Amino acid sequence: MQLWPILLDIVVLLAASLVLGAVCTRLGQSSLIGYLLAGMLLGGPGSVRAVRSEAEIGTIAELGVSLLLFSLGLEFSWRRLTSLGSRLLCSGSLQVVVTAAVASAAAALIGLRGSEAVAIGTMVALSSTACVLRVLMERSETDSVHGRNAVAILLVQDIAVVPLAVLMTLLGGGGSASATVMEIGRIVGMAAALLISLYVLLDVVAARALGSPAFQRNRELPILLAATTGLGATWAAHAAGVSPALGAFVAGMFLGSSPFATQIRADVSSLRVILLTLFFGSAGMVADPTWIIRHWSLVLGATTVLLAVKSGIIFLLLRAFGQPAATAAATGVCLAQIGEFAFVLGGIGRQSGVIGPQTYLLIVSATIASLFVSPYLVAAAPSIGGALARRWPSATGRDSPTSEPARPRPRVVFVGFGPTAQLASAALVDFYDALLVLDLNPAGKRAAEERGHRGVIGDATQLDVLEHCGLDAAELVAITIPDTATATTILRHVRRLAPEAHVVVRARHHRHAAGLQSAGAHAVIGDEEAIGLALREHLRDWAQRRQGGIAAGA
């Protein structure tokens, strides 16, 4: 295998993804659609065949899936899961089971064999986390009632990827019932061994390493730890004969319990974007544009039925759990599409022979079509729910008393929490309940938590870290980093995310004040001026005491 032709194909695919992703974004679409279209047009059956390294790119793209699941694990915690509320968790779990069961039954009714029908059910049960969250964030609807419902169900779906991948592997195994039971026992045993090993390595060994002075001084070591952990756990799961998705997800979950989770998530984000672009490009290569054109009516009909049935199932489940009809309808419309993990599960089913070629082409084509209309559906979801409320006022109901409140958003953010920031923050305790402190130094996080504030370890020069902390909702941001170049970078990110926030910046030298003000700071407090003022007050007090003593002696 020669490297250079593969490298050229990767460059061509990334360049086409860049162009088509920008076009789709300009048209109000998700850039993910552009990546899929790039793969459909450049590689695979029915394309111009400008990219011929489909198998090699697909292998590389599998790393993107592993990093995606690793990142999901970093986001996951038992506290976060339980905070969503038992009703939302139950409705999310039932949504996966019921949708898979209904789709499997429908596939069996049209003549597909049992294992293939179940495989189709697992593929269509999941929605697109990447697409839905992006549109909700752009529309500032993640804290709306239907937005919180969608996020909760998506989280449950993401967790369900792991057992569904195991199920797809078992479907391809064949054999008798006893052989299947033995295979399930083997997978459970290997998975338990993997979980114990990862727990020891990450929650015991790595946790101590992360707290060592070497990790605090060297920014490269946590990045290397994250890459080694995510990819190493993926390989270990594959070598153990269990789903690689399980290894990546569990590794991220264990590492996510460390205080460095926010920073690690930001560190792997750039690499994850590239690999996920290749993943969507390789997923597009399995679709055949000419087949879609020849069977457009079949694809359109299947997509319409899937969108209607899936949104209807979510609507009925949420109504059964006490959600208002308008909210349930909006949530169902948001999650009606088939998600990107359908390509992952479908790939497992195709390789094991569970899913036939024509069936696979139909499901893949319907997935792409549903993703194409998804941004419009998510944007229209509140209007659809409102129209339902106006048409059937008695069905609107009231918000369920178990609906979870929105996650608290920081109103005051301190970037850096050394002695200077600790003294300054004391002026705000009478006006704000809690502050958010973002600091790379664990000592700053501990100092913040001792004062009752929320502390996060992270590099504020990275936009992903600031976004994850919810800085867009801040009213006041105090940047107390002494380095001017670093403070300027953070200031530009703050002005982008929170243009209305009042920003105060610390400057080491007076000559840097003008540059920071032109970058968007409302106030710049110089160290030289502060020291000069403190010296002036001290000398004035000393002189007054001195003169008073002389006068008294006279």
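Do we find that Val465 is under 25 Å from Leu221 (Cα atoms), at pLDDT below 85 and surrounded by 23 or more Cβ atoms within 10 Å (Cβ to Cβ) in this structure?
Against the criterion (under 25 Å from Leu221 (Cα atoms), at pLDDT below 85 and surrounded by 23 or more Cβ atoms within 10 Å (Cβ to Cβ)), Val465 qualifies.
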> Filtering region 52-96 down to residues that are more than 28 Å from Leu231 (Cα to Cα) and modelled with pLDDT under 70, which residue is surrounded by the fewest Cβ atoms within 10 Å (Cβ to Cβ)?
Replying inline: Thr82
> Do we have any residue at all in region 476-485 that's part of a helix (DSSP H, G or I) and in contact (Cβ under 8 Å) with a residue 24 or more places away in the chain?
Replying inline: yes
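Among the residues of region 1-51, which ones are basic (Lys, Arg) and either crowded, with 24+ Cβ neighbours inside 10 Å or part of a helix (DSSP H, G or I) (or both)?
Of everything in region 1-51, just one residue is basic (Lys, Arg) and either crowded, with 24+ Cβ neighbours inside 10 Å or part of a helix (DSSP H, G or I) (or both), namely Arg26.
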> Within region 417-444, how many residues are in contact with a helix residue (DSSP H, G or I) (Cβ under 7 Å, 6 or more places away or on another chain) and assigned to a loop (DSSP other than H, G, I, E, B)?
Replying inline: 4
>> If I filter region 237-263 down to residues being part of a helix (DSSP H, G or I) and in contact with a Pro (Cβ under 9 Å, 6 or more places away or on another chain), which single residue comes out as modelled with the highest pLDDT?
In response: Ala237
>> Go through region 385-428 and report how many residues are at pLDDT 70 or above, surrounded by fewer than 17 Cβ atoms within 10 Å (Cβ to Cβ) and in the same structural domain as Ile292 (by TED's automatic domain parsing).
In response: 2
> Is it fair to say His468 is touching a Ser or Thr at 6+ places or on another chain (Cβ under 7 Å) and within 19 Å of Ala434 (Cα to Cα)?
Replying inline: yes
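Hey, which of the helices (runs of 4 or more DSSP H) in region 282-378, taking only ones fully inside, have at least 3 residues that are crowded, with 23+ Cβ neighbours inside 10 Å?
Values: elements: 289-294, 296-320, 325-334, 341-351.
Hits in region 282-378: 296-320, 325-334, 341-351.
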> Can you name the residue in region 329-355 that is among the small types (Gly, Ala, Ser) and either over 23 Å from the mean Cα position of the chain (by Cα) or outside the structural domain of Ile120 (by TED's automatic domain parsing) (or both) and is also modelled with the highest pLDDT among such residues?
Replying inline: Ala329
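The values are calculated or read from the model by the stated rules, or taken from the named source; none is laboratory data. It should be emphasised that the depicted structure is a prediction, and the values quoted were computed from it without experimental measurement. For neighbour counting, all protein chains shown are included, and Cβ atoms are generated from backbone atoms with ideal geometry for every residue, glycine included.
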